[in-house]
Amino acid sequence: MRLAVTGGKGGVGKSTVAYNVGAALDAVVVDADLGMADLPPRRGPDLHDVLAGRASPLEAVSEEGPVALLPCGRSLAGVRTADPTALVDVVKTVERHYGTAVIDSPAGLRCDAGLALFAAEACLLVTQPERAALADAIRARELARAVETPLARIVLNRVPVCSDGSRLDSLETALGGPVSQIPDSAVVRRAQRSGLPVRTLEPESPAAEAFDSLCRELVAALAL
Amino acid sequence: MASLDWRCRRVDEVTLVELAVRSEFDQGVRIESQLTPVWPPRRQGVPAAGWEGATFEGVVEAGTPLVLGYASPAEPVEPPAILTQTGAPTDEAVTARDVVRALGDVTPPRDATAPLPPQNGSGHTTPDQINSTHLPVDQVDPTHTASDRENTTHTASDRKNSTHTPTDGTGSDQTAPDQSEVLHHPPSPDTRSRGVPDAKSVSTETDSDPGDADSGEALRWFEAVEGRLASVERLSSASDADEARAVLEELGGIESARSLQATLESDRRQLQEVRGRAEQLHVELSTAEVPLATLERIV
């Protein structure tokens with residue numbers, strides 16, 4: 001299975017969701033944010049090298065951390081040498097070898113975001129309960145439709161504890177998919193700072209349970 | 001039945017080819033250029049829809065000519081392209097290139113990356129040298145690109161500080177901040193030594209004990225790498241937390257350690273480049289010989 005984590009707006013938690021979903025699904029997370037990678041760097045070749053033909057996809061996958069990762073380079077020169085269209089074959093190769101690839105998509109609606117969706121068989125749409133994020137999520141949803149990548153679930157991230165969930169129905173209607181909620185939590189931020197999945201840091205926390213629940217729903221929906 | 005008309009023009013050693021395909025009914029066509037390589041029109045940096053190498057595939061509609069234009073450095077031939085009919089048009093699947101064409105290329109402009117370093121004063125530039133601007137920023141001689149690297153570094157630094165912390169606390173961000181003090185790159189093997197020296201520069205180089213300045217610079221870099229490895233060894237061999245803290249303090253704190261890790265990663269890549277270049281030079285040197293006997297006869 002090839003799953004893209006997208007959302008349109010930057011900073012809504014796409015990388016966090018991709019990392020934690022990747023951990024729960026025992027997948028390889030592909031950091032496809034060619035210009036502004038957020039996931040932890042690793043030693044060895046990265047996605048820039050792979051997309052430029054300097055390394056094979058499998059030799060760039062690092063299994064040294066808590067989550068298998070195909071990291072992305074940080075240099076602008078690296079972006080210039082990369083052929084973004086090669087991402088599709090890269091992700092398929094990773095999927096063939098490891099079973100599941102989770103693509104952390106870049107923000108925006110340009111070709112890099114489109115290709116991450118195009119390379120996937122289904123997508124997760126991450127957003128936050130605020131107007132700007134929801135507006136961008138609608139645009140990202142349209143982009144997914146345009147490249148014919150079905151929406152697996154919507155992830156409403158950083159939901160305040162006091163939220164009563166009364167507007168979930170309208171969100172599901174607007175975006176055309178079922179919603180999973182991840183609570184706003186210091187544990188998530190702490191896990192992010194430590195470069196760990198939430199389930200590793202505090203498996204009993206509400207956030208860890210929310211990610212596990214999201215993944216159970218994904219497994220059921222995608223027949224993983 | 002589809003027909004093909006063409007016109008070729010030669011401009012500045014480039015052949016411009018104009019093709020018009022006409023048909024009485026809708027049908028798919030394949031056009032193979034007899035001139036290679038083909039420089040197809042591009043949209044958002046990728047070849048226009050239908051182009052793959054020297055071949056174009058598309059649909060010609062009844063009554064509306066399908067017009068194509070492309071360029072090639074090859075001399076004109078007659079005909080410049082061959083038309084093949086591929087039957088009734090079918091709905092083509094979307095490709096990755098279609099996505100780029102539709103949504104726009106995101107490649108940063110060349111100006112955003114490191115500029116070309118001076119090339120041995122020869123004034124000549126080879127395609128390899130042009131490609132050398134594609135090297136990661138940290139592989140280009142920092143003495144020529146300090147200000148640009150600084151600008152790039154700020155971006156990476158801001159992002160890094162605001163959005164992520166490396167898993168193991170030892171980031172290997174290639175453009176990590178504060179590298180200027182610890183980076184002592186050798187001249188990049190791809191960005192130097194590949195100049196096409198003119199007669200004057202050959203003369204200058206042979207007159208002035210070739211390689212002295214270069215080898216001195218390279219040796220300084222090797223020594224700097226050895227120094228960095230010694231620092232790593234000291235950090236790794238600390239037997240307790242107090243000792244580790246003391247060594248860390250001496251080396252400039254945790255940020256310096258992170259920068260050191262990033263620099264080591266850069267060193268590793270740089271060494272791979274140097275090794276590849278050295279092996280290539282070794283092969284070339286094993287067969288290189290100045291034709292002295294001939295030269296002595298003609299002077």
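If you build a Gaussian network model of chain A, linking Cα atoms that sit under 10 Å apart, which residue out of A:Thr149, A:Thr100, A:Thr85 swings the most?
Comparing A:Thr149, A:Thr100, A:Thr85 in the GNM, the peak value goes to A:Thr85.
Hey, got the dipole for chain A? About the Cα centre, +1 on K and R Cβ, -1 on D and E Cβ, debye to the nearest 20?
In debye, rounded to 20, chain A gives about 420.
Pop out the ³J(HN,Hα) list for region B:41-50 in order, Karplus 6.51 cos²θ - 1.76 cosθ + 1.60 with θ = phi - 60°, rounded to Hz; leave Gly and Pro as x.
Values, residue by residue: x, 10, 10, 6, x, 10, x, 4, 3, x Hz.
Would you mind ranking B:Phe25, B:Phe222, A:Phe118 so that the residue whose beta carbon has the fewest other beta carbons within 10 Å leads the list?
The fewest-first ordering by Cβ neighbours comes to B:Phe25, B:Phe222, A:Phe118.
Amide H of B:Arg43 versus every other amide H placed in the peptide plane: which residues, excluding those fewer than 5 positions away on the same chain, fall under 5 Å?
Close amide H contacts, sequence-distant or interchain: B:Ala48.
State the answer as a single residue: which of A:Ala132, A:Leu175, A:Thr100 lies farthest towards the positive end of the charge dipole of region A:100-210, with beta carbon charges of +1 for Lys and Arg and -1 for Asp and Glu, about the Cα centre.
Farthest along the dipole direction, towards plus: A:Ala132.
Under 5 Å between amide hydrogens, which residues at least 5 positions from A:Ser180 or on another chain qualify, with H placed 1.01 Å from N in the peptide plane?
Answer set, sorted by chain and number: A:Ile154, A:Val155, A:Leu156.
Using θ = phi - 60° and the Karplus relation 6.51 cos²θ - 1.76 cosθ + 1.60, list the HN-Hα couplings for region B:25-33 in order, rounded to whole Hz, with x at every Gly or Pro.
For region B:25-33, the Karplus-derived couplings read 8, 5, 7, x, 9, 10, 10, 10, 6 Hz, x marking Gly and Pro.
Run the numbers on chain A and let me know its relative contact order in percent, using alpha-carbon pairs under 8 Å that are six or more apart.
24 percent
Filter the GluC sites (Glu not before Pro) in region A:1-73 to those in DSSP coil with at most 14 other Cβ atoms within 10 Å of their Cβ, and list the result.
Filter output for region A:1-73: A:Glu63, A:Glu64.
Just to confirm my numbers, what's the Cα centroid distance between region A:1-67 and region A:77-137 in Å?
Cα centres, region A:1-67 to region A:77-137: 9 Å.
Which residues' amide hydrogens lie under 5 Å from the amide hydrogen of A:Arg74, considering only partners 5 or more residues apart or on another chain, with H built in the peptide plane?
The answer is B:Gln174.
Every read-out reported here was derived from the displayed coordinates using simple, explicitly stated rules and does not represent laboratory data. This structure is a prediction, so every number in the text was calculated from the model and none was measured. A quick note on method: Cβ atoms are made from the backbone with ideal geometry, for glycine too, and the neighbour counts reach across all protein chains shown.
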